[in-house]
Amino acid sequence: MPRQPVVRHNDYRSLTPPALGEWDPRLSVSMVVPAYNYHRTLPYVLAGLAGQSYPAHLLEVVVVDDQSTPPLELPEVRPENTRILRVESGWGRANACHLGAQASDGDVLHWYDADMLPYREEVEAHMRWHHLVDYAVPGGDKRFVDPDWLFGLDPAEVRDRVAAGEAGDFFPGVPHEEHKWVEGYWRRTDDLTLAGPRAQRVHIGMTGSVTRDLYRASRGFDPQLRLGEDMALGHELAQVGGVFVVEREARSWHLGRSQVLRRAEQVNRYNDPYLANLVPAMRPKRRKHGRSYEVPYVEVVVPVADRLTDSEVAQGADEVVACVDALLDADFSDLRVLLVGPWGRVHEERIQPVEDPALELRIVHRSYRGEPRVSLVESAPGHCPESTDAEFRLTLPDTSHAPLPQALQRLLDDLERTHHGRRTITYPDGAEARLERIAALARVERVAQVGDDRDELMEEAFGTGSYAAKEVGFVPTEERDLPRFVLKPKPAMSPEKSRALLLGTPASETPVSDAPVAEPVSGEESGRRFRWRRPGH
């Protein structure tokens, strides 16, 4: 079997899909239509799907009734293979789409909302990409319209006119509104071909499709999300190597304005904390300093077994702790550290503590067991991209070198500017640390065949670069300065002098204030509470 074409970054212009109507379809597709109380528009959606150019025997429609009141019923005019799936647990579009995916049978999953009216070639335009590569994620083109005119037509007439290629003649004289933010981003990035990793941020699920294999490889829709599920799914599909395609021939009418357009400010305010926590690529929604998130931007893998179990390595825990503390001390705080070691050897049996054979392990274990950004794991996650949810992974060969505070952020900036997939940091002894984009690893694994050189594929698909450790701020761990608090016994300082130090003014220039001043209570209460007096009293 020939290898699939390799798309560089998100530039799918290297692929040439077959012309509409001039190719031989073979893949089946499941249209998953989530619907909650869409009694009025659903008959027209199904009528449009009944008029598609894609072969009817390869088309399945699963309407997922998300507990509508009254329950939805299938209209007479619909595709031959159409059925209703009733939601029994959970609610929301993400939950409905995920249930529909699990219950359907097609090779391709095509999400389609219950207030969309397709042109004749909508499904075919999507499917021609999936016949080229199994990692394409096409998104269709839509226009928002007032649907009142449509409701005067019989669904059978809508089906026939769609099948005749006349869907573009619907809504005569009715204003057509585009999805301004999405369309604007498409124009600025030449339909996402220049967007690189940021293409995932405009994944539009209401007209999107994906192979079932790619969806299963990802974590799929998060059923707990009520809004923002498309962007979250875009991240998941990027993580497994997806390429985001703008398919202008997959056209649809959106019957009414979307909630996002009608209430954009409120929707964004609701979405921001969810997307900030779950989608590392949405960095503008994250704090630059001081925060950690449910899904980190970078995962750092630190192997420590050699340093902690080799009897010839004296006080190996000191180096490990210094290296890990240097990572946590970085200006860039959006990370998770995986410490890989035989932690099962840390026991609670009676033993003289300083004679414990597992002493070095125990010191590191005790140092980080309560640190939320550090996980103690028995084995490395391996090279499999599905083993992490982070955007990047830094794998250290050992703890002999540690980054200066700005080093990691600068390397990440370098990768972001170039859209590359990997940076290799070479230590003086020849050992290598690797900073890798998880989406790039996944793309390589998806196209690689037996005998392929994965480093060459990485260069072809994303590009790579290499630096000496010293020139990018990775220094010997013992040279990495990690300041500590220094507390020396000294007499108590007067409130006036302490205030002057706090405000940065000489004691003699300390302004007089009418604010209460705290002074210690004498006697047995001294040191436990304060009483307040006004200056001059």
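Some notes on this structure:
- Residues satisfying the stated conditions in the stretch 405-435, i.e. assigned to a loop (DSSP other than H, G, I, E, B) and either under 17 Å from Arg336 (Cα atoms) or out of contact with any Lys or Arg (no Cβ under 7 Å at 6 or more places or on another chain) (or both): Pro405, Gln406, His419, His420, Tyr427, Pro428, Asp429, Gly430, Ala431
- Residue among Arg187, Arg216 that is assigned by TED's automatic domain parsing to the domain that holds Val33, among the basic types (Lys, Arg), surrounded by fewer than 23 Cβ atoms within 10 Å (Cβ to Cβ) and closer than 19 Å to His110 by Cβ: Arg216
- Residue in the stretch 177-197 that is among the basic types (Lys, Arg) and under 23 Å from Cys97 (Cα atoms) present: no
- Breaking point among (1) under 26 Å from Thr399 (Cβ atoms); (2) out of contact with any helix residue (DSSP H, G or I) (no Cβ under 6 Å at 6 or more places or on another chain); (3) outside the structural domain of Ser375 (by TED's automatic domain parsing), for Ser311: (3)
- For the residues Gly196, Gly165, the requirement of being surrounded by 15 or more Cβ atoms within 10 Å (Cβ to Cβ), on the phi > 0 side of the Ramachandran plot and assigned by TED's automatic domain parsing to the domain that holds Val245 singles out Gly196.
- Exactly one residue out of Glu436, Glu360, Glu371 is outside the structural domain of Gln239 (by TED's automatic domain parsing), in contact (Cβ under 8 Å) with a residue 12 or more places away in the chain and farther than 18 Å from Asp318 by Cβ: that is Glu436.
- Candidates are the residues of the stretch 368-398 that are outside any loop (DSSP other than H, G, I, E, B) and farther than 17 Å from Pro303 by Cβ; the one that is modelled with the highest pLDDT is Phe392.
- Selected residue [part of a loop (DSSP other than H, G, I, E, B) and surrounded by fewer than 21 Cβ atoms within 10 Å (Cβ to Cβ)] from Leu132, Leu150: Leu132
- Among the residues making up the stretch 134-152, those that are in contact (Cβ under 8 Å) with a residue 60 or more places away in the chain and either of a type in the set (Lys, Arg) or more than 24 Å from Ile204 (Cβ to Cβ) (or both) are Lys142, Arg143, Phe151.
- Candidates Glu124, Glu183, Glu157: the one that is touching a helix residue (DSSP H, G or I) at 6+ places or on another chain (Cβ under 9 Å), more than 19 Å from Gly242 (Cβ to Cβ) and not in a loop (DSSP other than H, G, I, E, B) is Glu157.
- Asp331 vs. criteria under 27 Å from Leu412 (Cα atoms), of a type in the set (D, E, K, R), surrounded by fewer than 17 Cβ atoms within 10 Å (Cβ to Cβ) and within 32 Å of the chain's Cα centre (by Cα): yes
- Members of the stretch 253-301 that are surrounded by 19 or more Cβ atoms within 10 Å (Cβ to Cβ), touching a strand residue (DSSP E or B) at 6+ places or on another chain (Cβ under 9 Å) and either of a type in the set (D, E, K, R) or outside any loop (DSSP other than H, G, I, E, B) (or both): Trp253, His254, Leu255, Val298, Glu299, Val300, Val301
- Any hit, the stretch 306-321, residues being under 18 Å from Ser387 (Cα atoms) and either at pLDDT below 90 or not polar (S, T, N, Q) (or both): no
- Taking (1) in contact (Cβ under 8 Å) with a residue 60 or more places away in the chain; (2) outside the structural domain of Ser53 (by TED's automatic domain parsing) in turn, Asn277 satisfies each apart from (1).
- Members of the stretch 160-180 found to be in contact (Cβ under 8 Å) with a residue 40 or more places away in the chain and in a loop (DSSP other than H, G, I, E, B), listed by number: Ala164, Gly165, Phe170, Phe171, His179
- For Gly290, the criteria (1) at positive phi; (2) in the same structural domain as Ser400 (by TED's automatic domain parsing) hold in every case but one, which is (2).
- Taken residue by residue, the stretch 137-144 has at least one member that is of a type in the set (D, E, K, R), at pLDDT below 95 and crowded, with 24+ Cβ neighbours inside 10 Å.
- Count of the stretch 226-241 residues which are touching a Leu at 6+ places or on another chain (Cβ under 8 Å) and either outside the structural domain of Trp91 (by TED's automatic domain parsing) or within 30 Å of Val145 (Cβ to Cβ) (or both): 4
- Residues of the stretch 4-58 satisfying the condition of being in a helix (DSSP H, G or I) and in the same structural domain as Gly242 (by TED's automatic domain parsing): Leu42, Pro43, Tyr44, Val45, Leu46, Ala47, Gly48, Leu49, Ala50, Ala56, His57, Leu58
- In the set (1) at pLDDT 95 or above; (2) under 31 Å from the mean Cα position of the chain (by Cα), the condition left unmet by His39 is number (2).
- Number of the condition not met by Ala238 [criteria: (1) small (Gly, Ala, Ser); (2) in a helix (DSSP H, G or I); (3) in contact with a strand residue (DSSP E or B) (Cβ under 6 Å, 6 or more places away or on another chain)]: (3)
The values are calculated or read from the model by the stated rules, or taken from the named source; none is laboratory data. From a predicted model like this one, the values you see are computed outputs, not experimental measurements. Ideal geometry is used to build each Cβ from the backbone, glycine not excepted, and the neighbour counts take in all protein chains shown.
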